[in-house]
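Structure, as structure tokens:
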Amino acid sequence: MFGTVVVGVGTAGRVRIRDLLSPLPSSAAEKMTVKGFVSRRPLEEQQGVKQIPLEEALGREDIQVAIVCTENVSHEEYIRKFLEAGKHVCVEYPMSLSYAAAKELWELAEQKGKVLHEEHIELLTADYKQLKKDVAGKSLQEGTLHFTGGPVPSGFGFMAFSGIARLTWLVDLFGELTVTSGSMVEDREKQHMKMTAQFLTQEQRQLTWIEERGPGLGRMKNINFRFDSCAMDRLPEAPREPVGLFMQDLNLFGQKLLGQVPPEQLRAERRRVLHCLQLADRIQQLCQPPAQGGV
């Protein structure tokens, strides 16, 4: 059994505790048992699980795993601390707010011989799984993915990082990309932000990602993919799956802990995660160029 601590008890953290307490029967997730949770705030028990100090979680020998569910800005710090303490780590995306930091963290995990897993439940949704099947074998001509949602909470980083789930969709569907442009339009008074990034696929086809956030904007993904044989302008409908997204992810993490995931799959996943973070870095550089010094 892997003693597990949950760090951060917002929505994701509470779901993680729930799933650890009631894992999918006969799954790898059954090999994890929750030992406590860590929070910056003093809190009462959560679903019967007690709060423990961070230093205790880092030092206890019966805790081998940390699941990090805090604001994005603190992911890197917590991952580094738990890896240094010899713990396996599962973290909500993105693992860091820079490509360089993520590369360091993965190298640290390898040095320590520990599993570092970045959650990507957006790849586990029923509609995405169906979309991937529908796209398979088709030759892309051009495409757009436009996401809308409410304002980005503080502590979640630049939009290319807070919205990296959409970028992950594009890379998973169409392969590694090259950023050709990035721009940001922001109305701070109205809390409205619109980021636009353009890419070329390895076949030199253009993709556009638009991330738009502001009050009153419904959470929605709109696609417009044009292929040589057809066009797709809406996400496919797919029946809801019986196993929840976080439970599916927890089971995948458990399989990694047990050494049940093939090495080539682990290498491909690491390459995809780091590639997406590298793209996000480049988009941020284009949208927020450094200020020019005066004379």
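Quick notes on this one:
- The stretch 154-295: translational diffusion in µm²/s, Stokes-Einstein, Kirkwood Rh over Cα pairs, 10 °C, 1.306 mPa s: 89
- Per residue of the chain, the DSSP helices (runs of n ≥ 4 H) give a summed -39500 (n - 2.57) that works out to -11000 deg cm²/dmol at 222 nm.
- Table column - 3J(HN,Hα) (Hz), the stretch 178-184, Karplus curve with 6.51, -1.76, 1.60, x for Gly and Pro: 10, 6, 10, 6, x, 8, 9
- Test item: Cα-centred dipole of the stretch 1-160, Lys/Arg +1 and Asp/Glu -1 on Cβ, debye: 240
- Calculated on the alpha-carbon coordinates, the convex hull of the stretch 134-176 measures out at 89 cubic angstrom per residue.
- In sequence order, calculated HN-Hα J values of the stretch 223-233 (Karplus, 6.51, -1.76, 1.60; Hz; x Gly/Pro): 10, 8, 10, 10, 10, 5, 10, 6, 9, 10, 10
- In the stretch 200-276, the trypsin sites (Lys or Arg not before Pro) that fall in loop regions by DSSP, at most 12 other Cβ within 10 Å: ARG219, ARG234, ARG240
- This model, with +1 at the C-beta of Lys and Arg and -1 at the C-beta of Asp and Glu, gives the chain a dipole about its Cα centre of some 180 debye.
- Local electrostatic count, CYS276, Cβ distance below 12 Å [Lys/Arg +1, Asp/Glu -1]: -1
- Extreme residue, positive dipole direction of the stretch 104-152, given options TYR128, THR144, ALA109 (C-beta unit charges): TYR128
- Qualifying trypsin sites (Lys or Arg not before Pro) for the stretch 1-78 [loop in DSSP, other Cβ within 10 Å: at most 12]: ARG40, LYS50
- Given charges at Cβ of Lys, Arg, Asp, Glu: the chain dipole, positive-most of GLN47, ILE223, GLY155: GLN47
- Comparing ASN222, ASN251, ASN72 in a Gaussian network model of the chain (Cα springs below 10 Å), the most mobile by mean-square fluctuation is ASN222.
- Annotation: the antiparallel percentage among DSSP beta bridges lying fully within the chain is about 50.
- Over 28 Å between alpha carbons, listed pairs LYS31/LYS112; LYS138/LYS256; LYS35/LYS221; LYS112/LYS132; LYS35/LYS112; LYS133/LYS221: LYS138/LYS256; LYS35/LYS221; LYS112/LYS132
- Two-site FRET efficiency, LYS190 against GLU84, from Cβ-Cβ distance with R₀ of 41 Å, rounded to 0.05: 0.45
- Restricting the calculation to Cα atoms, the chain yields a radius of gyration followed by a Dmax of 19.8, 68 Å.
- For the stretch 91-216: rounded, prolate or oblate by the Cα gyration tensor [a/c cutoff 1.5]: oblate
- Computed over Cα pairs, the Kirkwood radius of the stretch 171-236 leads via Stokes-Einstein (1.567 mPa s, 4 °C) to a diffusion coefficient of 94 µm² per second.
- Cα-based convex hull, the stretch 28-87, per residue volume (Å³, whole number): 102
- Cα gyration tensor shape of the stretch 217-295, rounded if a/c is under 1.5, else prolate or oblate by comparing a/b with b/c: oblate
- Rg/Rh ratio calculated on Cα atoms of the stretch 1-131 (Kirkwood radius): 0.96
- Among beta bridges that DSSP assigns inside the stretch 136-295, antiparallel share in %, nearest 5: 75
- Per-residue ³J(HN,Hα) for the stretch 236-252, Karplus 6.51 cos²θ - 1.76 cosθ + 1.60, θ = phi - 60°, Hz, x for Gly and Pro: x, 7, 9, x, 4, 7, x, 9, x, 5, 5, 5, 4, 5, 4, 5, 4
Computed from the coordinates by the stated procedures, all read-outs in this text should not be read as laboratory data. None of the values given here were measured: they were computed from a predicted structure. Here Cβ is always computed from backbone atoms with ideal geometry, including for glycine, and neighbour counts include all displayed protein chains.
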